[in-house]
Amino acid sequence: MDWINEKFEKLFSWVRNLTFRRAMIAYILLTSVIVWALSFVTMRLCWQWENSLWKQYDSINGLGNVIVENGLMWMNSMWRQQVDGRLIVLDMIRVWCPFFYFLAGIIVAICLFYRRRLRTPLAILEDSAAAIRGNDLDFRIAYDSRDEMGRLCQSFEEMRQELVCNKENMWKLVERQKELNAAFAHDLRTPLTVLKGYTDFLARYIPEGKVSQEKMQDTLELMSDHIKRLERYSYTMKEVRGIDEVPLRAEDMALEGIQSKIGEVVFALNQIGDIWIDYARSETECEIYADDSLIVEVLENLLSNAIRYARTKIQVMDDYDAASSELILAVRDDGPGFAKEQMRKALRPYYKEYEDDAKDEHFGIGLHICRQLCRKHGGTLDIANSVEGGAIATASFSCKKESRES
């Protein structure tokens, strides 16, 4: 029995996978055979019955003689008025049954073909089209057949997968654009604060005559440099589509040059607010291969984040590890430090410790941007709680020329 069932299963599978043309031919042939068989049986039975009735008449030897003498349409002859009505009915059935069977067979074949080959896949495609029209792509189109409708369902499934892929790409693009816009708005804050610090410094001490002409000229040049950096930054952000596409413009430079720019940022921020920033610069003197704009941008983001939580003081430290060719930049505040939950989520984009915007108006993206920029420079960003209290963020930047060029 198992062998027979297996053979029938293979036969049904073969029939189910036939193309429409072959399936239609098979249905027509099968219908023709059934119509022929039914017609033969019906005509045979009618013939025998009519024969038995005709033999009741003494002058007639049977239906054969009636047909020989009067033709197939004997009913139109005089015999119609003289014979049993059952003979007329049986003769009509015998003559016309092939046509009725053929018509009924065609109707049944069409209905069976629609039911077995078209109804299920058409319902699947109709439901799928309705779901797609309703912007619902969380389903799967499956129809177990290799005929034309099976291939059409497979094409619909591939189209659905492509739509899902396009939607995911669009969502990622929107998220990247959102992140880029937030990064742009976030990164403008600290440079603008630095410029405000310089303007406050000049506005406070120039009227008192405490700023020499040389100092004022140096301050204006520093402000000009910051404005140019903002211009370059805005142009760069206009050209890229995400933080990961921000270009790295590393070049050979003296470590002292980067330290000077760090000192300028610290000096400007010390002119405003109640938080004092102390910069402990290393005494190392060497040439490094780095992007000073990117490093200063990371510093500004770390300082912006530290100022929000520090009570009175922030400490900035730098160091250069010649063995690993890494520049280390650390920012420590005397605030409450990171809670356990914050330690896990602080580097994620758009993370805020409060859901209420009235309590927390920042973007929640500063540390995430720092981590992305550190990675761009071949380094890392680590956060921890200082043993002296408060939080400490440590950024590292790889200054190996070979790794940057590769």
Inset, instruction - Kindly provide the set of residues from segment 254-302 that are among the aliphatic types (A, V, I, L, M), assigned to a helix (DSSP H, G or I) and under 15 Å from PHE201 (Cβ atoms), ordered by number. - result: VAL265, VAL266, ALA268, LEU269
Legend entry - Members of segment 305-333 that are in contact with a Lys or Arg (Cβ under 8 Å, 6 or more places away or on another chain), buried (at least 20 other Cβ atoms within 10 Å of the Cβ) and of a type outside the set (A, V, I, L, M, F, W, C): GLN315, ASP318, ASP333
Legend entry - Pairs with Cβ under 6 Å, 6+ apart, first in segment 32-55 and in contact (Cβ under 8 Å) with a residue 12 or more places away in the chain and surrounded by fewer than 17 Cβ atoms within 10 Å (Cβ to Cβ), second of a type in the set (Lys, Arg) and assigned to a helix (DSSP H, G or I): MET43/ARG94
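Residue-wise test of (1) of a type in the set (S, T, N, Q); (2) under 25 Å from TRP276 (Cβ atoms); (3) assigned to a strand (DSSP E or B); (4) modelled with pLDDT of 90 or more.
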| position | (1), (2), (3), (4) |
| --- | --- |
| GLN315 | yes, yes, yes, yes |
| LEU347 | no, no, no, no |
| HIS368 | no, no, no, no |
| VAL387 | no, yes, no, no |
| ALA395 | no, yes, yes, yes |
Inset, instruction - From the list ILE93, ILE88, pick out the single residue that is β-branched (Val, Ile, Thr), at pLDDT 85 or above and surrounded by 11 or more Cβ atoms within 10 Å (Cβ to Cβ). - result: ILE93
Inset, instruction - Kindly establish whether LEU329 is closer than 30 Å to PHE201 by Cβ, touching a helix residue (DSSP H, G or I) at 6+ places or on another chain (Cβ under 9 Å) and modelled with pLDDT of 85 or more. - result: yes
Inset, instruction - Only one of these is under 21 Å from THR380 (Cα atoms) and either outside the structural domain of HIS368 (by TED's automatic domain parsing) or out of contact with any strand residue (DSSP E or B) (no Cβ under 8 Å at 6 or more places or on another chain) (or both): SER325, SER293. Name it. - result: SER293
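The values are calculated or read from the model by the stated rules, or taken from the named source; none is laboratory data. Note that this is a predicted model, so its numbers are computed, not measured. Using ideal geometry, Cβ is built from the backbone for each residue, glycine included, and neighbour counts are taken over all protein chains shown.
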